């Protein structure tokens with residue numbers, strides 16, 4: 001084999017491998033979508049009790065078990081990258097709560113969920129975020145921090161409104177859901193202690209922060225979980241926030 005032929009063959013091999021990876025991901029999405037339809041033919045609204053609503057604070061993080069294809073994609077990616085104890089985590093998306101009791105909104109980086117709206121950092125009403133066509137379950141976490149840091153995190157997250165949504169490796173600018181809230185708290189001087197997962201794949205190699213890793217960060221404390229498959233083995237923390 002000549003020196004010129006070897007690089008060409010290597011390039012063809014890498015392209016072929018990337019093609020098989022793309023096909024495998026497509027099949028994973030199709031299987032996940034089909035299983036979702038079969039296992040959840042009836043959509044049930046997620047409940048947020050008024051007593052929980054009253055205890056929430058701006059800056060709290062709300063994770064959801066997504067119903068849409070993006071949720072299946074994130075869970076598929078997590079099943080490949082996660083350590084054994086984290087596999088099977090159903091949560092696929094996260095946002096930051098802003099507003100006040102009975103008027104909560106969710107600030108999050110998300111692919112377009114409204115016709116004509118760009119994939120970007122947006123603010124949605126909590127009821128929209130919890131709609132059964134999007135959500136099967138939620139878990140809400142408190143970041144252990146003082147009020148000054150909490151206000152700084154919320155302010156920084158708000159400053160990202162309109163930023164295009166991009167799932168990119170080694171993101172430190174907050175371009176997808178987990179890094180948006182992680183970087184907001186980093187900017188406020190709070191290290192959440194979340195661990196990025198490394199993906200070694202053609203065209204997408206690098207470190208990613210997945211919902212299961214953020215949810216298990218050492219600075220987060222569970223406040224409430226409800227809905228289908230929502231942390232059935234963990235009880236809601238009854239301590240006063």
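The values are calculated or read from the model by the stated rules, or taken from the named source; none is laboratory data. Model, not experiment: these values are computed from the prediction. As a convention, Cβ positions derive from the backbone with ideal geometry for all residues, glycine included, and neighbour counts pool all protein chains shown.
So here's what we get for this one:
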read-out: Of the criteria (1) assigned to a loop (DSSP other than H, G, I, E, B); (2) within 18 Å of the chain's Cα centre (by Cα); (3) farther than 19 Å from residue 122 by Cα; (4) modelled with pLDDT of 95 or more, which one residue 222 fails; value: (1)
read-out: Given (1) in contact (Cβ under 8 Å) with a residue 24 or more places away in the chain; (2) in contact with a helix residue (DSSP H, G or I) (Cβ under 7 Å, 6 or more places away or on another chain); (3) surrounded by fewer than 20 Cβ atoms within 10 Å (Cβ to Cβ), index of the condition residue 172 fails; value: (1)
read-out: Checking residue 110 against (1) under 18 Å from residue 67 (Cα atoms); (2) surrounded by fewer than 17 Cβ atoms within 10 Å (Cβ to Cβ); (3) under 17 Å from the mean Cα position of the chain (by Cα), the condition it does not meet; value: (2)
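Yes or no, residue by residue, for (1) assigned to a loop (DSSP other than H, G, I, E, B); (2) touching a helix residue (DSSP H, G or I) at 6+ places or on another chain (Cβ under 9 Å); (3) more than 16 Å from residue 56 (Cβ to Cβ); (4) touching a residue at least 12 places away in the same chain (Cβ under 8 Å):
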{"site": "96", "(1), (2), (3), (4)": "no, yes, no, yes"}
{"site": "103", "(1), (2), (3), (4)": "yes, yes, no, no"}
{"site": "149", "(1), (2), (3), (4)": "no, yes, yes, yes"}
{"site": "156", "(1), (2), (3), (4)": "no, yes, yes, yes"}
{"site": "195", "(1), (2), (3), (4)": "yes, yes, yes, yes"}
{"site": "214", "(1), (2), (3), (4)": "no, yes, yes, yes"}
